[in-house]
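Have a look at the structure below, then the notes.
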Amino acid sequence: MRYKLGIYDAHERGCLDQAYLERLEKDVRSAIDRQSLSACVVFAHERIYNDSGELLAVGQELHVPNEYAFSICEHEKLHGLFLPAMSVHPYRHDALDEIGKWIERGAVALKWLPNSQGMDPRDQRCQKIFDLLAAKHVPLIAHTGGEHTVSIIRPDLGDPETLRPALDRGVNVIMAHCGTQSGLFDTNWMPSFCELARRYPNCFGDTSAFTTPGRSRWMSHFLREEGVVEKLIHGSDYPVPPSAWWSLPKLGWTKTQELQRIWSFLARDVEIKRACGFPDNVFTNTARILAPGSLERWGITDVSRP
């Protein structure tokens, strides 16, 4: 991914964070110029806590502090490009206060990666968090399905069923990847996601990673799922590179080459999905699901695009 992003040796030069941000900014601006999207929600990524609520000293591969993510979105030069999603582990002793703090600062969503961060949405400690999210109309974006970018602690937490307690308490839940299988030996929880999406009006799924080799095959399945495709929300899985080649049989040689030449990962991802047949609402659903007032607070004026 570093090579594809053009920042291969940035970590050796001690400027990985800055190089990544510069690439992301260019990517977003290019996608906006192409009228592929309007802005980008960026995710913080919390540290891992054990069942006792203590911070794990080892095993953390990736940490994006909330303060860093929010400061990027608040930067004058970047105003109007980014909206921040907070990440707070529910097992922290101060989890509820932390979530309240970031909501006040403008968090548009709460992001969890349960099978890698080790939080179980069925845990009793999550109930007050769900009640707060529901009261403030702040959605929960939770990873479902397989995971192969960071290490997994508990594979079973990729099951969409684990998020039923959040749905029952009125939280708008966006199930990233819709429970789909990614790796060869992953469990396919797509049927479980589809059942929940049809049953709960507050259950949604995102299309992140649908243009990567592991999940591209699921696009055609979802386009046939009546009552489910309407519940989908565009997601990019950035910085994982999207590719049109995985949809070559549907798109044809000329269209695939045209899409593959789009420099911006974010724009390419949107345009591949549009070409494959995802309806317009998939790309605009986000505007009505994020925390109320999010777009205005973060300077987003055009909501006709993702």
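The values are calculated or read from the model by the stated rules, or taken from the named source; none is laboratory data. All of these numbers come straight from a predicted model, not from anything done at the bench. Cβ: placed from backbone, ideal geometry, glycine included. Neighbour counts: every protein chain shown. Surface accessibility is based on the protein's heavy atoms, side chains included, excluding ligands, DNA and RNA. Shrake-Rupley method; radii C 1.70, N 1.55, O 1.52, S 1.80 Å.
Counting only helices (runs of 4 or more DSSP H) that sit completely within the range 74-140, those holding 1 or more residues that are in contact (Cβ under 8 Å) with a residue 60 or more places away in the chain and of a type in the set (A, V, I, L, M, F, W, C) correspond to 95-104. Number of residues in the range 152-174 that are open to solvent by less than 10 Å² (accessible area, probe 1.4 Å) and free of Cβ contacts under 8 Å to residues at least 24 places away in the same chain: the value is 0. Pairs meeting the criteria (first residue in the range 39-67 and acidic (Asp, Glu), second residue part of a strand (DSSP E or B) and surrounded by 15 or more Cβ atoms within 10 Å (Cβ to Cβ), beta carbons under 9 Å, at least 6 apart or on different chains) are GLU46/VAL64; GLU46/MET86; GLU46/LYS111; GLU46/TRP112. Of GLU104, GLU74, GLU147, all but one fail to be within 15 Å of the chain's Cα centre (by Cα), surrounded by fewer than 24 Cβ atoms within 10 Å (Cβ to Cβ) and not polar (S, T, N, Q); the exception is GLU147. Scanning the range 48-71 for residues that are open to solvent by less than 60 Å² (accessible area, probe 1.4 Å), assigned to a helix (DSSP H, G or I) and more than 25 Å from ARG122 (Cβ to Cβ) gives ALA69, PHE70, SER71.
Scan the range 188-209 residue by residue and report those that are in contact with an Asp or Glu (Cβ under 8 Å, 6 or more places away or on another chain) and more than 20 Å from ALA134 (Cβ to Cβ).
Of everything in the range 188-209, those that are in contact with an Asp or Glu (Cβ under 8 Å, 6 or more places away or on another chain) and more than 20 Å from ALA134 (Cβ to Cβ) turn out to be TRP189, SER192, CYS194, SER208, ALA209.
Scanning the range 141-160 for residues that are of a type in the set (Asp, Glu) and in a loop (DSSP other than H, G, I, E, B) turns up GLU147, ASP159.
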